[in-house]
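Peer 1: One structure coming up, written as structure tokens, with questions to follow.
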Amino acid sequence: MNWMSKHFTFVIIPEGNQSVRRYRLNRMMLVLTVSCILLLAICSALFIYLFWDRSDRIQKLEIQLTATEADYEQQLQSKRTHITALQGNVLQLTQQAQSIERQMSEIKQLESQLKEIAGIKEPAVRISSSAYNAETSGQGGEEVPVPVPAAASDAGDAVAAKTMDSYSDIQANMEELGPSLKSTISALLKHQHTMRITPTIWPADSRKMTSQFGYRRDPISGRSSLHNGLDIGGRRGDPVYATADGTVTLSERSYPHGNNILIDHGKGIETRYLHLNARNVEVGDQVVKGQQIGELGNTGRSTGPHLHYEVIVNGSHVNPLPYIQDASKDVSEGEDEHVQN
Ligand SMILES: [Zn+2]
């Protein structure tokens, strides 16, 4: 008899008076039934596991996504704050640039004044700044709109572009200003040197001119003659000053000049001081403008204490008066009494 054809009988005995139930199955049916039940159980377990696993992963991803969103939001907020701060900085830079432009305009105007003082004829340097143009045309300062963070992009770009333009102007002006200032300083130094070697001050404290440069009647001989200097009356012993920087080329006592000093100032200019009471410098001494070189006196061919002062240009005597600053002011004409050569 085949093994598979053997039969099993299941008996169900209910309680009470109900009849007993019998179920008869062969082995094949039994194996199939058990196999189906096991397969169903395995599939159910697998489905439950996969469902639980997926749910867990989804939950983790959702948590991660939420954290990432919060992080991005925080970074975005930080960037916005940073952009707002940068826009504030750009605005501040723009205002600084405009301030610098105004200051540079003032410097250039000062430089123009310096050039005028130094006698430089060249035209004023071009000033290209918008601030200067606004000033010279009588307008007010330029207004820069404060960028609104919410509309950051356009306003920020406009402010940044304006700032770049301003700094470009400043750079261009700085490039012009450097050489121009050097040129002005050089001219001023030259002017200063020229002033140092030009006899522009009074040689004595007194302003009393007792005889001017030019033809006159000689106070001693009575004949008409050329008076080649300026006579300044004063007291014996009054200080006599070098009227410009120079080198002493003569310091002697002779007749008719008495004690006299000659100073070479360079560029063909010399000054001479006659009838001195005393001489404080020797030949070869370097003297500076305003330095006392002797005392006013009455030595040589002289009728009284006075200084005979000469200015010699390229070997020719010239009138000293135009060289003396403000010479036409506070000059009192004196009597022609102390005079002479
Ligand atoms: Zn004289």
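FYI, it's all coordinate maths here, none of it is from the lab. Note that this is a predicted model, so its numbers are computed, not measured. Backbone-built Cβ (ideal geometry, glycine too); neighbour counts: all protein chains shown.
Peer 1: How high is the FRET efficiency from Leu25 to Trp52, r the C-beta distance, R0 35 Å, rounded to 0.05?
Peer 2: 0.45
Peer 1: In terms of modelled amide H atoms, which long-range or inter-chain residues lie less than 5 Å from the amide H of Ser211?
Peer 2: Asp231
Peer 1: What ³J(HN,Hα) values, in whole Hz, does the Karplus curve 6.51 cos²θ - 1.76 cosθ + 1.60 give for segment 60-77 when θ = phi - 60°, with x put for Gly and Pro?
Peer 2: Using θ = phi - 60°, the values come out as 5, 5, 5, 5, 5, 5, 4, 5, 5, 4, 5, 5, 4, 4, 5, 5, 4, 4 Hz.
Peer 1: Using bins 5 angstrom wide from zero, how does P(r) for segment 216-305 break down, in % of all Cα pairs?
Peer 2: Computed distribution, short to long bins: 3, 14, 24, 24, 18, 10, 5, 1.
Peer 1: Under 18 Å from a point 7 Å along the Cα-to-Cβ line of Val318: which residues of segment 250-282 have their amide N that close?
Peer 2: Output list for this probe position: 263-273.
Peer 1: Can I ask one more? Report the per residue volume, in Å³, of the convex hull enclosing the C-alpha atoms of segment 72-124.
Peer 2: On the way: hull volume 3.2 nm³, N = 53.
Value for segment 72-124: 60 Å³ per residue.
Peer 1: Kirkwood-based Rg over Rh for segment 169-267 (C-alpha set), two decimals? Don't skip to the end; give the middle numbers.
Peer 2: Details: Rg = 21.8 Å, Rh = 17.6 Å.
Reported Rg/Rh (Cα atoms, Kirkwood Rh): 1.24.
Peer 1: Check cross-link reach from Lys108 to the lysines: straight Cα distance under 29 Å, and skip same-chain residues fewer than eight apart.
Peer 2: Excluding near neighbours in sequence, the set is Lys121, Lys162, Lys182, Lys190.
Peer 1: How large is ³J(HN,Hα), in whole Hz, for each residue of segment 276-289 in order, when computed from phi with the Karplus curve 6.51 cos²θ - 1.76 cosθ + 1.60 and θ = phi - 60°, using x for Gly and Pro?
Peer 2: Each residue of segment 276-289 in turn: 5, 6, 8, 10, 9, 10, 10, 4, x, 5, 8, 10, 10, 4 Hz.
Peer 1: Ok, one more. Using +1 at the Cβ of each Lys and Arg and -1 at the Cβ of each Asp and Glu in segment 208-333, identify which of Val311, Asn228, Tyr241 lies farthest towards the dipole's positive end.
Peer 2: Selected residue: Asn228.
Peer 1: What FRET efficiency, computed as 1/(1 + (r/R0)^6) with R0 = 30 Å and r the Cβ-Cβ distance, is obtained for Tyr167 and Ser78, rounded to the nearest 0.05? Mind showing how you got there, number by number?
Peer 2: Values: r = 28 Å, r/R0 = 0.94.
Result of the calculation: an efficiency of 0.60.
Peer 1: Could you sort the peptides 24-33, 274-283 by per-residue average Cβ neighbour count (10 Å cutoff), highest mean leading? Mind dumping the intermediate values first?
Peer 2: Details: 24-33: 12.7, 274-283: 18.8.
Those peptides, ordered most packed to least, come out 274-283, 24-33.
Peer 1: Would you mind checking which residues have amide H under 5 Å from Thr299's amide H? H placed 1.01 Å from N; only 5 or more apart, or other chain.
Peer 2: Residues meeting the amide H criterion: Asn259, Leu276.
Peer 1: Considering only the other residues whose Cβ falls under 11 Å of the Cβ of Gln87, what net charge follows from Lys and Arg at +1 and Asp and Glu at -1?
Peer 2: Numbers: positive: Arg80; negative: Asp157.
Every neighbour counted, the sum reads 0.
Peer 1: Return the distance in nm (one decimal) between the two label points of a simple spin-label model at Leu61 and Arg196, each offset 7 Å from Cα along Cα→Cβ.
Peer 2: Those two pseudo-labels are separated by 8.9 nm.
Peer 1: Another question about this same structure. Cα centroids of segment 279-328 and segment 178-217: how far apart, whole angstrom?
Peer 2: First find each Cα centre; the distance between them is then 14 Å.
Peer 1: Hey, any idea what the orientation-averaged projected area of the convex hull of segment 7-80's Cα atoms comes to, in nm²?
Peer 2: Values: hull surface 36.9 nm².
Computed as one quarter of the Cα hull surface, the answer is 9.2 nm².
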